1. Would the chain count as rounded, prolate or oblate if I go by the C-alpha gyration tensor, calling it rounded below 1.5 in a/c and otherwise prolate when a/b exceeds b/c, oblate otherwise?
2. How large is the helix-only mean residue ellipticity at 222 nm for the chain, computed as the sum of -39500 (n - 2.57) over DSSP H runs with n ≥ 4, divided by its residue count, in deg cm²/dmol to the nearest 500?
Amino acid sequence: GKSPAVRCFSFHSYDHDPEGRRRLMRAVIELLAKGAIRPAIGACFNLGEVRQAHTLIEAGTALGKIVMRP
């Protein structure tokens with residue numbers, strides 16, 4: 001089954017180490033490209049729906065990322 005746990009990580013942890021940050025970003029992008037990891041998408045909106053996206057963010061009920069489509 002899937003774990004309901006939420007894990008948070010910030011790339012700012014590597015602000016003092018630019019080369020380490022680059023290596024980490026390359027590794028993450030490679031995993032995303034392979035489909036080995038998938039970000040949780042809470043909702044998708046067209047750019048014209050930015051008001052609805054902000055309403056959802058401000059309500060604090062979105063689980064996952066809010067994606068804006070051009």
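Taken together, the values in this text are just the output of simple stated rules run on the coordinates, not laboratory data. Not measured: the values here are computed from a predicted model.
1. Verdict is prolate for the chain.
2. Only helices count here, giving -12500 deg cm²/dmol.
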